[in-house]
Amino acid sequence: MEKTNERKRTFLLITIPVLILFFLFNTLPLLKGFVYSFTNFKGYGSYDWVGLRNYTDLFTDGRIGKSYLFTFKYAVVCTIIVNVLSLVLAFGLNSRIKAKSALRGVYFLPNVLGGLVVGYIFSFIFTYILPAAGSAMGSEFLSQNMLSNTKTAWAAIVAVGAWQSIAMNTIIYISGLQTVPEDVYEAGGLDGATGWKRFRHLTFPLILPFFTINMVLCMKNFLMVFDQIMALTKGGPAQSTESISYLIYQNGMNGGQFGFQSANAFLFFVVIVVISVFQLTVLGKKEEQL
Amino acid sequence: MNSKRKHSEKVNWPVTILLILGCITIFFPLYMAVMIALKQPSEMTNDIAGALSFPQHWSLGNFTEAMRVTDFWNSLGNSLLISAAAVILSILIHSLAGYAIGRNMKSSKFYNFVYLYIVSGMFVPFAILMMPLVKQTSQMGIGNRAGVILLYVVFYMPMNLLLYSGYLKNIPLALEEAARVDGASTWRTYWSIIFPIMKPMHATAAVLTVLGTWNDVMTPLVIMAGTGKNTLPLAQLTFQTQFGTNYNLAFASYLLALLPVLAFYLICQKQILNGVVNGAVK
Amino acid sequence: MKGRVKSAVWPAAVLAVMALSAAGCGKTSEDARTQVRMVQYKPEAVKVFEELENEFNRTHEDIKLTIESPNDAMTVLKTMFVKEEIPDIVGIGGDINYSNFLDADMFMDISDYEGLSEVKEVYLEIDKNLEFVPLKGTYAVPYAGNAAGVLYNRTMFQENGWTIPTTWQEFLDLCERIKDQGQQPLYFGFKDTWTCLAPWNAMCADLAPADICARVNRGETVFKDAYRETAEKILKLIPYAQKDPYGYSYNDACTAFARGESAMYVIGSYAVPQIKSVNPDMDIDSFVFPAADEAEQNLLNSGIDLQFSVMKACENKEAAYEVLRFLQEDQNVQKYMDAQNAVPCKEGDFELPSMLDGMLPYIREGKMADYQDHYYPAEMTVDAMIQTYLMEGDPDAFLGKFDADWKRYNRDIIRKVKEFERDGEKEGGR
């Protein structure tokens, strides 16, 4: 009994300071931002209260609606591509290969590069290299810059976004694969479980917590896409690639819409929390079943 | 035991070769970056040769010039200080929090709430926090490097909490119970048993946190504004103004800034690789 | 018990570390001189401002001037305002940010500063136009202007015997002729949406009233009428540009023009350093964009690139004025203009960079009109709207959206203007 109390007390003593710290520098400023969402605050100087105007505007503003559609399309496609590829890559890099460390180092590189470098390099590839290759192959479709066509620009951004984030998800999957004990495979090997079957019934259930983490992190990172947009299209062509975060930053910070974009940010926050809690509960239930 | 050793010596060549081929997708853009960093603006042309051909003169002039323009050593020092402090504090605090919360969230509604509360903080767009935080840190007298470090510890808490509590699910309670029977306190059990076991996760969390802090512009820009101190990404803003970008200098500078993180990753990678749990369970 | 003590240690340690490092930064300098702190927004001008700062401090014993030229200065300035660490003088552009800061009541009335009389009337008028509602007093000293229009490759023009056009028809004929000779007349970098504003502004200078935005705010007219001609004419440029102009960035376009891939480039004088970095020996000249059908109607597109305002919170007005006086001394103005290829706002005989040769008569006579986009709220992203329009080519949809969006993004300002007008009527009636 004494032991249980000691355990409980220690846990509380760890948790409470953490909670206070988190509240002070995350929740408190969020609440202040929430208050600004009822004003026409520009980010500085004086402001007026405007009631619920910013929130009603959100639902009538065509740009906001378009940005939600674009962002969700982007996030869903990217999440799927990245998770499939990084899982495959993690298995590859975790298998018995030569030069394991070197290869892992190489595949990690894209994640270290900053936004401007990646943006500029890929702009160059999309503007000069792909069209040249496209015309050489006689493909009309490829001979145009993907970034200047409203139908293809988002796909180009997906490609760059995936290229950059696969590394991070691969690392998480690799660290997950490390927790899978060798003997599970040995036992599985004896039962004749190989390939897909082995993955489906032995490995995947064991790395499910890491799958959860990756799904949530992916959705979060891609829903908040900003750097790639800034570096590749700045919301163009014809405003077809304006993401929600891009609007919040550009119009809230550089423009004078701090109040309105605070409302947008708050709505966006609620939307992602709902999605993520849903993800966490569904996947959490799955984990428990296993 | 014997059969296992034989098994692990067998190299999987098809996968190795596929992975090596895949490296092209990484090296090709990187090669372009290096070529651009070595050239002069006057060598840039609007065609394939502009980025792919070798420079006319091989010289590291762009690198020395970039170091001068960004006041490299001072900016690097600030970046190192901020990232190192943020990572060390993050690992200590977040792993503890992950332990306390992760071990209890299944059995306790309170801890489950705390978990969801903190993890959901991950989705707060920074833009909404920015102005209130600028004012708050300034009023608390931490509108400086210390404030940036503190904010990073808070910003990366949700992600790291997610990582640590996820990892803990695969660490059996039995490990702790053995120690408890021996009379060790929970606090001591944590530091002597759980903390070392989570080494691969420390390395992962450290890598992800460093990546976020190392390249971050916004937080130091607004929090440290007016202190006269620069981090590397802040100093690198110099290369890009609306009416002109010197990509050659910028790329030289970016490649320089990339090296410390890369070195850090390579060190951490060994830790991620060592699956400690494997040994521990047996 | 032991566990409890230990677990209380780390938050305390964290706080202690924070407190220590915070304390280390609060050094105070003991200096009897009056401190004047200035923040200016052009990081590319950092060198010349360092020189000016040193020169000022060498010649003034009682005032210590510090000039900061931060990167991303507008964000930095806004955070300084939030932190209430407000500088004494700010150097910003004559654009919507100035209007907004003025509207937030942050600047000091400097009508009693004698240096204002030396500033060209046309630039003071531009600043007046930037006020949302007309204010009493003066709040900025215009310092440097820039000019936009058409940059051209002088060597190419001389070799082919092309002449400078002065009307819209002549311009189209010239483009046609260049094209017939197998050359590229224009090159655009419309992938960077802001470059869409370069031809737009330059054409509006000729075709739309300079105070159109204020007139719309007062409800006197709509953009549908005022911008119709500009909107229709700007579309005609596209056939003379390279294939897929939306696929190339500002940098690509500068490089292409520098390499002689096009004869002309519709952009401002600010692009010259970037072009010269690619081709240092290039002979560049410029002419005013001839969008009007009559040559006399054409105006040079020129605005205030840098102006100084004293903040309301400044405690040493006299010292701040002394800094302004110093910056306005002829040799210092010339020093700045040489470093930045800029046009001085001060009256006087200054040497101008050679690439402005073609615009010189307009500058001398003050035949100029401001950039229209200096009046557009940034969040309305008119640049992206123009890009969309150029791609889709439907003037009615574009202008209709322009009017509708304008009302939406400016409603607080329009309300203020209406209130001001109503009050004015009341006063007039008394």
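What follows draws every value from the coordinates through simple rules; no lab data is involved. On a predicted model such as this, the values are computed, not experimentally measured, just so you know. Cβ coordinates were reconstructed from backbone atoms using ideal geometry, including for glycine residues, and neighbour counts include every protein chain displayed.
Take each residue of peptide C:313-322, count the partner chain Cβ atoms within 10 Å of its Cβ, and average: the result is 0. With contributions of -39500 (n - 2.57) from each DSSP H run of at least four residues, the per-residue ellipticity at 222 nm computed over chain C stands at -14000 deg cm²/dmol.
Amide H contacts for C:ASP285 (H built 1.01 Å from N in the peptide plane; partners 5 or more residues away or on another chain; cut-off under 5 Å): C:TYR152, C:ARG154. Mind pulling up the Rg/Rh value for chain B? Radius of gyration and Kirkwood radius, both on Cα. So for chain B, dividing Rg by the Kirkwood Rh gives 1.05. Give the average over all directions of the projected area of the C-alpha convex hull of chain A, one decimal, in nm². Taking the Cα atoms of chain A, their convex hull projects to 22.3 nm² on average.
State, to one decimal in nm², a quarter of the convex hull surface area for the C-alpha atoms of segment C:180-336, i.e. the direction-averaged projected area. Mind showing how you got there, number by number?
On the way: hull surface 55.5 nm².
Mean orientational projected area (segment C:180-336, Cα hull): 13.9 nm².
Taking each residue in B:232-245, count the Cβ atoms of any other chain within 10 Å of its Cβ, then average. What number comes out?
6
Between B:TRP13 and B:VAL34, the FRET efficiency estimated from the beta carbon spacing at R0 = 41 angstrom works out to 0.85.
Would you list which lysines come within 17 Å of A:LYS66, measuring only between C-alpha atoms, while excluding same-chain residues fewer than 8 positions from it? Within reach: A:LYS151, A:LYS234, C:LYS401.
With N counted as the residues of segment B:10-59, its alpha-carbon radius of gyration over 2.2 N^0.38 Å works out to 1.60.
Averaged over residues, the count of other Cβ atoms within 10 Å places the peptides A:108-115, A:243-250 in the sequence A:243-250, A:108-115, highest first. Computed over chain C with a Gaussian network model linking Cα atoms closer than 10 Å, the most mobile of C:GLY145, C:GLY137, C:GLY358 is C:GLY137. Where the centre of each part is set by its Cα atoms, how far does segment C:258-303 sit from segment A:254-287, in angstrom? Comparing the Cα centres of segment C:258-303 and segment A:254-287, I get a distance of 47 Å. Rounded to whole Å, the principal axis extents of the Cα atoms in segment C:352-430 read 54, 40, 21, largest first. So, in Å, what gap is there between the alpha-carbon centers of segment A:23-72 and segment A:82-122? If you average the Cα positions of each part, the centres end up 38 Å apart. Note on the protein assembly as shown: Cα-Cα pairs beyond 58 Å make up 15% of the total pair count.
Legend: distances between Cα atoms for C:LYS47/C:LYS191; C:LYS78/C:LYS418; C:LYS136/C:LYS312; C:LYS191/C:LYS407; A:LYS32/C:LYS83; pairs beyond 21 Å are C:LYS47/C:LYS191; C:LYS78/C:LYS418; C:LYS191/C:LYS407. The length gained by stretching the chain between B:PHE195 and B:ASP71 to full extension, at 0.36 nm per residue less their Cα-Cα distance, is 40.8 nm.
Taken over chain C, the alpha-carbon convex hull comes to 220 cubic angstrom per residue.
For the residue pairs B:LYS199/B:LYS270; A:LYS220/B:LYS199; C:LYS128/C:LYS233, the alpha carbons lie more than 20 Å apart in A:LYS220/B:LYS199; C:LYS128/C:LYS233.
For the segment A:200-208, counting C-beta atoms of other chains within 10 Å of every residue's C-beta and taking the mean gives 1.
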